[in-house]
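These notes are about the structure you will find just below.
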Amino acid sequence: MADRVTVIGWDGSPLTSAARSALSAATLVAGAAHHLALPEVPPAAERVRLGSVDLAARRIAGHRGTAVVLADGDPGFFGVVRTLRAPEHGLEIEVVPAVSSVAAAFARAGMPWEDARIVVAHQRTLRRAVNVCRAHPKVAVLTSPGAGPAELALLLDGVHRTFVVCEELGTDREQVSVLTSDRAADHSWRDPNVVLVIGGTGGGGAAGTPTVPWLMGQDTAARSVRGWGLPMEEYASEGHGTRGHGPGAPGTAPAPALRPGAGEDPALRTAQLARLGPRIGDLVWDIGCAGGAFAVEAARFGAAVIAVDTDPAACARTEAAARRHGVPLQTVQGRAPHVLERLPEPDVVRIAAGGVPVVTACTDRRPERIVAHASTRDEAEAIGTALAEGGYAVESLLLQTVGLDPADWTERERSVVFLLAGRRIDLPAASRG
């Protein structure tokens, strides 16, 4: 086993005295090609090209001598330290850090970054990284081959963002480009690069005054409202009521302004959110968004949201509610199920309009969870059957809420609705068609 393993971060600036000292004593040096070409690497040291960190760790574990691992930026921040410290390798690690590529990228852009989300994009995680870019106004993306600026831009189709692309930071070939996301796919980008994705609706105080965050990675102003399953009044923008669903939605005639219909009751919304569990990295479809209450609350959990409605006024109300609560989301006007064909893949879906045809279209896309509701037992049975036939385990509930006047405990309003929740059944690979 190596006598000592030192992990050195390199950000393009001259190595520190501690880093030079560790390198001069090294009998094995692991790193990328540009690291191994550094003049400080001892000529007699064994050189290991750092492709798989796990394989390099095994090589280091079997080496008798002093090992150094070179890595870009801060190796403890989404870097090699995590893998090298895995218990199976048994390595004792000393770290000499450097400025992380994320910090360097924001410095080049002249922007603060304590309120930024930071994600790593590989081909297998690219979709979730894009969903974070949809849902948050400031995201740093650590890219990889096949999951770079062009691929990010293509998957963000229809969502306007500004890209700050920082190529080969800290080297003589460093280049910083600022462009809109719709133009990023037209370029060829050099690796390694970091992409800052900026835009969407952020938080802030009155009249756009920026607030000082106290928690890393959180836009706390956008989540200043305490709780969820809030009353409809929280989502009614000035000049807009919260009447009923858009055209084609199930349920009865529209209710008066600020009185929720069967599908808009806060208790139903709470139960739907609890069963869907929207989270950061998810994409939520809200089909039949009406006043935007569900879409906004899903976005407040950190998920990306696409809100769909046939009624342009419903889309406008949803956008106004999102602005009021400081969360980004995308609205799409159109009639389901046809409009769903051009939307990116969802993780969870809430269906408030369209009935069985929309349920079937959604089960075909295989999201993890689907919730819907119905006003009658026949409609509930039809939706439950469609979910089951689509490969989902179905939960059926009859929810009744009664609002009471606290002055004399008389009934103020009542809502009775069926809740249908589907959880995807993942079949073994051999059983799939």
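Name the one entry in Gly422, Gly403 that is without any contact (Cβ under 8 Å) to a residue 40 or more places away in the chain, in contact with a Lys or Arg (Cβ under 8 Å, 6 or more places away or on another chain), of a type outside the set (Phe, Trp, Tyr) and not in a helix (DSSP H, G or I).
Gly403
How many of the residues making up segment 161-172 are assigned to a loop (DSSP other than H, G, I, E, B) and modelled with pLDDT of 95 or more?
1
Residues checked against (1) in contact (Cβ under 8 Å) with a residue 60 or more places away in the chain; (2) open to solvent by 60 Å² or more (accessible area, probe 1.4 Å); (3) of a type in the set (Asp, Glu):
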| site | (1), (2), (3) |
| --- | --- |
| Glu114 | yes, yes, yes |
| Val120 | no, no, no |
| Ala140 | no, no, no |
| Gly146 | no, no, no |
| Val159 | yes, no, no |
| Leu169 | yes, no, no |
| Asp182 | no, yes, yes |
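Going by the conditions given, is Thr363 in contact with a Leu (Cβ under 7 Å, 6 or more places away or on another chain) and closer than 25 Å to Arg127 by Cβ?
The answer is yes for Thr363.
Considering Arg369, Arg317, Arg324, which residue is open to solvent by 40 Å² or more (accessible area, probe 1.4 Å) and either more than 18 Å from the chain's Cα centre (by Cα) or aliphatic (A, V, I, L, M) (or both)?
Checking each option against the conditions leaves just Arg324.
I'd like to verify a number: residues in segment 22-42 that are exposed (fewer than 14 other Cβ atoms within 10 Å of the Cβ) and either assigned to a helix (DSSP H, G or I) or at pLDDT 95 or above (or both), how many?
Residues that pass the stated criteria total 2.
Only one of these conditions is not met by Ile383: (1) over 26 Å from the mean Cα position of the chain (by Cα); (2) open to solvent by 30 Å² or more (accessible area, probe 1.4 Å). Which number is it?
That leaves (2) as the condition not met.
Take the conditions within 25 Å of Gly281 (Cβ to Cβ) and crowded, with 16+ Cβ neighbours inside 10 Å and apply them to His136. Does it pass?
So His136 fits the description; yes.
Take segment 76-104 and flag every residue that is without any contact (Cβ under 8 Å) to a residue 60 or more places away in the chain and touching a Ser or Thr at 6+ places or on another chain (Cβ under 7 Å).
Listed by number, the list holds a single entry, Phe77.
Being under 22 Å from Leu142 (Cα atoms), touching a Ser or Thr at 6+ places or on another chain (Cβ under 8 Å) and small (Gly, Ala, Ser): is that true of Gly73 here?
When the stated conditions are applied, Gly73 passes them.
Would you check which residues across segment 291-314 are within 18 Å of the chain's Cα centre (by Cα), among the hydrophobic types (A, V, I, L, M, F, W, C) and open to solvent by 10 Å² or more (accessible area, probe 1.4 Å) and list them?
If the condition is that a residue be within 18 Å of the chain's Cα centre (by Cα), among the hydrophobic types (A, V, I, L, M, F, W, C) and open to solvent by 10 Å² or more (accessible area, probe 1.4 Å), then Phe301 is the only one that fits.
Tell me, yes or no, whether segment 387-400 has at least one residue that is outside any strand (DSSP E or B), touching a residue at least 60 places away in the same chain (Cβ under 8 Å) and open to solvent by less than 20 Å² (accessible area, probe 1.4 Å).
Scanning segment 387-400 turns up no residue that is outside any strand (DSSP E or B), touching a residue at least 60 places away in the same chain (Cβ under 8 Å) and open to solvent by less than 20 Å² (accessible area, probe 1.4 Å).
In this structure, is Ser13 modelled with pLDDT under 90 and either open to solvent by less than 40 Å² (accessible area, probe 1.4 Å) or among the polar types (S, T, N, Q) (or both)?
yes
Within segment 342-365, can you find the residues that are β-branched (Val, Ile, Thr), open to solvent by less than 10 Å² (accessible area, probe 1.4 Å) and in a helix (DSSP H, G or I)?
Val358, Val359, Thr363
Going residue by residue through segment 402-417, is there one that turns out to be within 27 Å of Thr360 (Cα to Cα), modelled with pLDDT of 95 or more and surrounded by fewer than 13 Cβ atoms within 10 Å (Cβ to Cβ)?
No.
In contact with a His (Cβ under 9 Å, 6 or more places away or on another chain) and part of a helix (DSSP H, G or I), is that true of Ala57?
yes
The values are calculated or read from the model by the stated rules, or taken from the named source; none is laboratory data. Just so it is clear, the structure is predicted and the values come from calculations on it, not from any experiment. With ideal geometry, Cβ positions are generated from the backbone for all residues, glycine too; neighbour counts draw on all protein chains shown. Surface areas here come from the heavy atoms of the whole protein model, side chains and all, with no ligands, DNA or RNA. Shrake-Rupley method; radii C 1.70, N 1.55, O 1.52, S 1.80 Å.
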